[in-house]
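Heads up: the structure comes next, in structure tokens.
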Amino acid sequence: MSTFSFKLDEEKILKLKETFKDDIRENKNEYVDCFIQRDDLTITIYKSGKVVFQGNDAFFYASAYIETKKSRQAGSDEVGTGDVFGPVIVTAAIIEEDDYPFIEANHITDSKQLDDEFIRRIGPELRERFRHSLLILDNRTYNRVHEKDNLNSIKAKMHNKAYLNMQDKGYDIPKAAYVDQFCSVDDYYRYLADEERVYHDLIFETKAESKYPAVAVGSMISRYAFLEYMDALDQKYGLHFQKGSSNLEAIDENIREVITHFGKNELANIGKLHFKNFDQYR
């Protein structure tokens, strides 16, 4: 099920209500202006002007109200959440209409589908070309925060902060602003309930990094920053830390080396301690 959430002006909201006038249903939520329901689609129009499309047909109907084809768009994505070692990194980026020839010529796509050598080569150019906000959550801070916040909560707060940072920099964030969906929209905003500021004009969709170039750019910039961070860790400790989480033997060897040369307390500075790899060393 896809979810799209963004603000519409009064004229478009009136058009939306007219289009779906036969599908308007009662809703007692005091913040809801209009609730629309039909097979495989619900549309919630809030009094604030925010509109949420949900369901298997959400993209088809939402696309009539947002521009997605080679238009200005923003996108955010994270890396590092599945790695035992290293930080969690989130980048939100903006692409302009004249960026598309560059995007197509350089095969900009989800960083998970690209090899690291390509990311290393193109990463500096991406950071220079695209307006973006890059957030790095180091391991010690991550381990402290993870004691009270689960991973999805951490990611929600980082994505929110990345968009707020771009807003604070004075960037004109496009209406088409995508988040690679990692939890329900309700949960996303629930995780942000105690935040002083929340950026609301977002569209959530799974596998967005393979659908929207702005999310792909955010993914690639994040991956490049992650590789730089891991290079610095390798240099600092004189080790080669294993990326990912699948090579258990190499990961265990890294952990033993850190304990032998730097002490057990140092693990909090290089790894995400909730991974089971650390259980026997607690």
- Note on the structure: All conditions in (1) at pLDDT below 90; (2) surrounded by 19 or more Cβ atoms within 10 Å (Cβ to Cβ) are true of residue 110 except (2)
- Message: Looking only at residues that are touching a residue at least 40 places away in the same chain (Cβ under 8 Å) and either over 24 Å from residue 177 (Cβ atoms) or in contact with a strand residue (DSSP E or B) (Cβ under 7 Å, 6 or more places away or on another chain) (or both) in the range 17-52, which one is surrounded by the most Cβ atoms within 10 Å (Cβ to Cβ)?
- Response: 51
- Task: Could you grab me the full set of residues in the range 88-117 that are closer than 30 Å to residue 141 by Cβ, in contact (Cβ under 8 Å) with a residue 60 or more places away in the chain, in a helix (DSSP H, G or I) and more than 17 Å from the chain's Cα centre (by Cα)?
- Result: 116
- Item | Enumeration of residues in the range 197-240 that are of a type in the set (D, E, K, R), modelled with pLDDT under 95 and in a loop (DSSP other than H, G, I, E, B) | 201, 207, 211
- Going through the range 69-107 one residue at a time, which ones are of a type in the set (Ser, Thr, Tyr) and either in contact with a strand residue (DSSP E or B) (Cβ under 7 Å, 6 or more places away or on another chain) or at pLDDT 90 or above (or both)? 76, 81, 91, 100
- Conditions (1) in contact (Cβ under 8 Å) with a residue 12 or more places away in the chain; (2) surrounded by fewer than 15 Cβ atoms within 10 Å (Cβ to Cβ); (3) in a loop (DSSP other than H, G, I, E, B): number failed by residue 120: (3)
- For the range 245-282, the count of residues that are small (Gly, Ala, Ser) and touching a Phe, Trp or Tyr at 6+ places or on another chain (Cβ under 8 Å) equals 2
- Scanning for something surrounded by 14 or more Cβ atoms within 10 Å (Cβ to Cβ) and outside any helix (DSSP H, G or I), does the range 246-259 turn up at least one residue? no
- From (1) assigned to a helix (DSSP H, G or I); (2) surrounded by 19 or more Cβ atoms within 10 Å (Cβ to Cβ), pick out the condition that doesn't hold for residue 243. (1)
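The values are calculated or read from the model by the stated rules, or taken from the named source; none is laboratory data. Since this is a predicted model, take the numbers as computed values, not measurements. Note that we place each Cβ from the backbone using ideal geometry, even for glycine, and neighbour counts take in every protein chain shown.
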